[in-house]
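A quick write-up on the structure given underneath.
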Amino acid sequence: MKVVKTGNMKDGTAIQIEDWSEDYSFHNKADVLASYPKSKMTHEGTYAPKAGERYRFSFWLGSAGETESAFNVLTEGRKTLSDFKKYMHGKLEYQDCI
């Protein structure tokens, strides 16, 4: 995995564009947006999100262009992570945490 670009949302949440295409053939170049917000909810389990603690949430957007667009609107404050829930990669029950 390569980190392509890093930035912060207006609320200070760190985000980055990641390229997993060299590791996994099913990924397109730079098609993942990773974020590290404080979780809004607590879920059970050792590695599950806990309210108020930073947690990694990733979004699989499909193309470098879509990922770059999402990165831009998030860093500019025009959208929030909640606007990208349908692209969330991982456990969908964690959607209530963002």
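The values are calculated or read from the model by the stated rules, or taken from the named source; none is laboratory data. Fair warning: this is a prediction, and the values are worked out from it, not measured in the lab. Cβ placement follows ideal geometry from the backbone for every residue including glycine, while neighbour counts extend to all protein chains displayed.
Give me the pairs: first residue in the stretch 36-47 and closer than 8 Å to Cys97 by Cβ, second residue of a type in the set (Phe, Trp, Tyr), beta-carbon distance under 6 Å, and six or more apart or on different chains, which are they?
Listed by first residue and then by second, the contacts come to Ser39/Tyr55.
Quick test for you: out of Glu66, Glu93, pick the one residue that is over 15 Å from Glu18 (Cβ atoms) and of a type in the set (Asp, Glu).
Of Glu66, Glu93, the one residue that is over 15 Å from Glu18 (Cβ atoms) and of a type in the set (Asp, Glu) is Glu93.
Of the residues in the stretch 60-79, how many are touching a helix residue (DSSP H, G or I) at 6+ places or on another chain (Cβ under 9 Å) and touching a residue at least 12 places away in the same chain (Cβ under 8 Å)?
Residues flagged as touching a helix residue (DSSP H, G or I) at 6+ places or on another chain (Cβ under 9 Å) and touching a residue at least 12 places away in the same chain (Cβ under 8 Å) within the stretch 60-79 amount to 6.
Looking only at the stretch 55-98, count how many residues are of a type in the set (Ser, Thr, Tyr), in contact with a Pro (Cβ under 8 Å, 6 or more places away or on another chain) and within 14 Å of Gly12 (Cα to Cα).
1
For every residue, the table says whether it meets (1) in contact with a Lys or Arg (Cβ under 8 Å, 6 or more places away or on another chain); (2) modelled with pLDDT under 95; (3) not in a helix (DSSP H, G or I).
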residue: Val4; (1), (2), (3): no, no, yes
residue: Glu18; (1), (2), (3): yes, no, yes
residue: Glu22; (1), (2), (3): yes, yes, yes
residue: Met41; (1), (2), (3): no, no, yes
residue: Ser69; (1), (2), (3): no, no, no
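Inspect the stretch 56-78 for any residue being surrounded by 15 or more Cβ atoms within 10 Å (Cβ to Cβ), in contact with a Ser or Thr (Cβ under 8 Å, 6 or more places away or on another chain) and among the aromatic types (Phe, Trp, Tyr) and give the result as yes or no.
yes
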